[in-house]
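Trainee: One structure, pasted below without further comment.
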Amino acid sequence: MEALSRWIRSYRWSPAVGAAAVWAGAAAALLAGGAAHAQLDAAKSTIVAVSRQMNVPVQGSFTKFDAQIAFDPAKPASGSAKITVDTASYDLGDPTYNDSVHGPEWFDAKTFPQATFVSTAIAPTATNQYSVSGKLTIKGHTQNVAVPVVLTQQGGTQTFDGTLPIHRLAFEIGTGEWKDTSIVADEVLIKFHIVVAHK
C-alpha cells in the first residue's frame, strides 16, 4: 500500500508501467454472431486500459483472458460473446505495484478472481461497425455498458477493435483514500484488440 502511494503521488512512471489494462477488459471481445465460437488468438490480442493518475496517463494490462465469440456479419443480432478476465493477471510492470492493485482496495483478486463481460445485444451502426451492449461485472458489481466496435475480416480471421469508457468507482475499484478522483481519475478507457480465428 505504501509503495503504491509513493508511486501514485510521484509524477514519474517507468516505461514498464505502460503494459496494458486496468478493469474489465471484459469489453475486449464484445462482438459475436450466430456461428460456432471462434478460437481466440491470445498472442495477438490485447486488453489495454488507460487511467489518469495525477493527470498523467497510465496503462496496465491483463495478461490472461478468454473470449467465447461467434460472429456472422450477416446476422449480427444473433451474436453472443462472453469474455472472462483473470484479475490477478493485471500487470503494471512492477511486482510491488501489482501486489497492491491485486489487493482488497483495488481488484481484490482473491475474493473476485474473474471479471466478465456478457453481450446482450448487437446492432450495426455502419459498414463493419457495431454497437455492442452487455453486462460488465467487476469485483461483484455489474453495470450495463455499450461499446462501439470495428470489425476487420481477413480470410478466416476476425479482429475486433474498440474503446469503452467506464467509471471505476461504480465497481468499487479504488476504495478508501483511492476514492479521491483528484489522485486517480474516475474514468478509465478500456482499449481492446481481439483476434479470433474460425476453425
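The values are calculated or read from the model by the stated rules, or taken from the named source; none is laboratory data. Owing to the predicted nature of the structure, the values given are computational and were not obtained by experimental measurement. Positions of Cβ are generated from backbone atoms using ideal geometry, with glycine treated the same way; all protein chains shown enter the neighbour counts.
Trainee: Quick check on segment 116-175: of everything there that is assigned to a loop (DSSP other than H, G, I, E, B) and touching a His at 6+ places or on another chain (Cβ under 7 Å), which residue is modelled with the highest pLDDT?
Mentor: So the residue we want is GLU172.
To keep it simple, each residue is scored yes or no on (1) in contact with a Leu (Cβ under 7 Å, 6 or more places away or on another chain); (2) surrounded by fewer than 16 Cβ atoms within 10 Å (Cβ to Cβ).
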| residue | (1), (2) |
| --- | --- |
| THR120 | no, yes |
| VAL132 | yes, no |
| GLY140 | no, yes |
| PRO148 | no, yes |
| GLN153 | no, yes |
| THR157 | no, yes |
| GLY176 | no, yes |
| SER182 | no, yes |
| LYS191 | no, no |
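Trainee: Would you confirm, using the coordinates I've provided, whether GLN114 is surrounded by 14 or more Cβ atoms within 10 Å (Cβ to Cβ), within 23 Å of SER45 (Cβ to Cβ), more than 18 Å from the chain's Cα centre (by Cα) and not small (Gly, Ala, Ser)?
Mentor: no
Trainee: Can you say whether PHE107 is more than 13 Å from GLY60 (Cβ to Cβ) and touching a residue at least 24 places away in the same chain (Cβ under 8 Å), as far as the supplied structure shows?
Mentor: In short, no.
Trainee: For segment 120-141, name all the residues that are of a type in the set (Ser, Thr, Tyr) and touching a helix residue (DSSP H, G or I) at 6+ places or on another chain (Cβ under 9 Å).
Mentor: TYR130, THR137
Trainee: For segment 35-98, which strands (runs of 3 or more DSSP E) that fit wholly inside it have 1 or more residues that are buried (at least 19 other Cβ atoms within 10 Å of the Cβ), of a type in the set (Asp, Glu) and at negative phi?
Mentor: Because the criterion is at least 1 residues that are buried (at least 19 other Cβ atoms within 10 Å of the Cβ), of a type in the set (Asp, Glu) and at negative phi, no strands (runs of 3 or more DSSP E) in segment 35-98 meet it.
Trainee: Can you tell me which residue is nearest to ALA88 (Cα to Cα) among those in segment 112-127 that are out of contact with any Gly (no Cβ under 8 Å at 6 or more places or on another chain) and touching a residue at least 24 places away in the same chain (Cβ under 8 Å)?
Mentor: Within segment 112-127, the match that is nearest to ALA88 (Cα to Cα) is PRO113.
Trainee: While we're looking at this one, here's another question. Identify, please: which residue in segment 159-174 is in contact (Cβ under 8 Å) with a residue 60 or more places away in the chain, hydrophobic (A, V, I, L, M, F, W, C) and within 18 Å of HIS102 (Cα to Cα) and is, among those, surrounded by the fewest Cβ atoms within 10 Å (Cβ to Cβ)?
Mentor: Restricting to residues being in contact (Cβ under 8 Å) with a residue 60 or more places away in the chain, hydrophobic (A, V, I, L, M, F, W, C) and within 18 Å of HIS102 (Cα to Cα), the top hit is PHE171.
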